[in-house]
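The structure appears right after this line, and notes come after that.
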Amino acid sequence: MARRPHYHVYVIELSKQVLDEPRFRKRNPGYVEGRPCVYVGMTGLDPDVRFDKHKAGIQANRYVTQYGLRLLPDLYEGFNPMRYDEAQAREVEGQLHAHHQQMARRLDAVDPAMRETFMKLQEEQGR
């Protein structure tokens, strides 16, 4: 019996202060001033619970812990919930969208192969 879809993709707005982090800035060379800084992730939890865990430092991304402002549900709630493979694909799509919009973003692809695919796409586009 197949499990019901319960994975979620989520987007968190980060404070512009994250741009003061050299490593974050280096990973986002195409960032256009004035665009939002975002973190795209996926979880088996409700996005609100996951955001609270990030802010509390539990299995957290340090940029979200330090600079996370709020969830941006308008960008993801129409897709959730979904199966794991769908969530992985949507997470990468969200990162690609942020990339094409020259937003500063933080990768959180759970699957290293997905991260590798995203990085190859960046290289192909000369970014």
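Here, each number is a calculation from the coordinates, and none is a lab measurement. As the structure is a prediction and not an experimental result, all values here were calculated from the model. In this analysis, Cβ positions are derived from the backbone assuming ideal geometry, glycine residues included, and neighbour counts consider all displayed protein chains.
Taking Cα centre as origin and charging only the Cβ of basic (Lys, Arg, +1) and acidic (Asp, Glu, -1) residues, the dipole magnitude of region 5-86 rounds to 440 debye. Magnitude of the charge dipole for region 10-49, about its Cα centre and with charges confined to Cβ atoms of Lys, Arg (+1) and Asp, Glu (-1), is about 320 debye. In this structure, Gln17 and Asp46 have a Cβ-Cβ separation that, at R0 = 30 Å, corresponds to a calculated FRET efficiency of about 0.65.
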